[in-house]
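Peer 1: What follows is a single structure, and I will ask about it in a moment.
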Amino acid sequence: MPPDKIVAGLCVGLVLALTAVPSSLGAFKGKSLRLDGVDDFVETPQGPGLHLGRELTFTGWFLVDDLANESEGWQNMFWKGDAPDRAPYNAREYSLRLYGAGLTLLEATPEGRKEIGNLSLPTDTDIIRAGEWHHFAAIVSASRNQMQLYVNGLLQVSRPFDPKGMAETSAPLQFGRVARRDYFGGRLDEVQLWNRALSRAEIDNSMSSIGGLGPGLVAYYDFDELDASGMVPDRSGNGHRLYLRNGARIA
């Protein structure tokens with residue numbers, strides 16, 4: 001995390017050793033994206049840079065207010081896919097969700113499964129706690145033939161993927177919901193989207209410092225301020241600005 005968002009002296013080794021980063025420690029300062037879990041979300045329009053094809057890494061921090069909600073316990077942090085989103089769920093290009101039992105779920109649809117359905121990668125339950133900051137790193141890699149999901153710097157689960165890569169969808173990338181449901185209530189911060197599979201060392205670095213403008217960075221949101229148009233700027237320089245919808249705010 002950047003110096004203005006983490007208390008001096010909270011070293012990387014301490015962060016990696018924790019199962020979670022309790023908000024009661026006061027570890028996080030500065031601003032973040034605030035979503036109410038009712039109807040708030042943010043989105044960036046579909047563009048060629050948002051279809052990652054063969055390689056994807058999503059990293060960032062989140063704090064969920066309450067693991068229970070009105071959508072059978074599901075809350076969606078990130079989703080790129082076409083509506084309507086229904087069985088066999090073959091229109092989810094990539095998404096990351098939370099469930100009321102305290103698990104996270106990474107989903108992606110391989111090119112070869114467009115008529116069948118996506119592949120899911122759930123962690124164990126009780127990984128996530130309400131009211132605490134957690135770091136995530138979600139990887140989908142055709143070259144590695146692998147999906148991986150890290151929480152707080154620890155590899156929680158992995159599975160084979162598909163060497164053909166991800167199927168393409170035409171919808172925008174949204175944070176905070178999936179197809180008008182499963183709204184996320186909480187905070188998101190320091191979110192980065194990459195078009196390559198990050199290494200373990202790079203994932204560790206993303207927990208302790210600014211992500212940096214490195215090769216393969218597609219979008220980067222620090223949620224510190226809005227631009228002159230009232231949108232969340234994309235610090236990567238690629239222009240994937242976020243629209244705030246239904247009261248979503250920086251706070």
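Peer 1: On a full-extension model of 0.36 nm per residue, what is the gain between Ala101 and Ser143, subtracting their alpha-carbon distance, rounded to one decimal in nm?
Peer 2: Contour length minus the Cα-Cα distance gives 11.9 nm.
Peer 1: What does the net charge come to around Gln146 if you take all other residues with beta carbon closer than 14 Å to its beta carbon, with K and R at +1 and D and E at -1?
Peer 2: +4
Peer 1: Fully extended, how many nm does the chain gain between Glu111 and Asp39 (0.36 nm per residue separation, minus their Cα-Cα distance)?
Peer 2: Additional length available on full extension: 22.8 nm.
Peer 1: Separate question: Determine ³J(HN,Hα), in whole Hz, for all residues of segment 48-63 in sequence, where each value follows from phi through the Karplus function 6.51 cos²θ - 1.76 cosθ + 1.60 and θ = phi - 60°; x replaces Gly and Pro.
Peer 2: Each residue of segment 48-63 in turn: x, x, 8, 8, 7, x, 9, 9, 8, 9, 10, 10, x, 10, 9, 9 Hz.
Peer 1: Then there is this: Would you please give the residues with an amide H less than 5 Å from that of Met166, counting only those at least 5 places away or on a separate chain, with H modeled from the backbone geometry?
Peer 2: It is Gly53, Arg54, Glu111, by chain and number.
Only the coordinates and a few stated rules stand behind these numbers; no lab work does. Remember, it's a predicted structure, so these values are computed and weren't measured experimentally. All Cβ positions, even for glycine, are placed from backbone atoms using ideal geometry, and neighbour counts span all protein chains on display.
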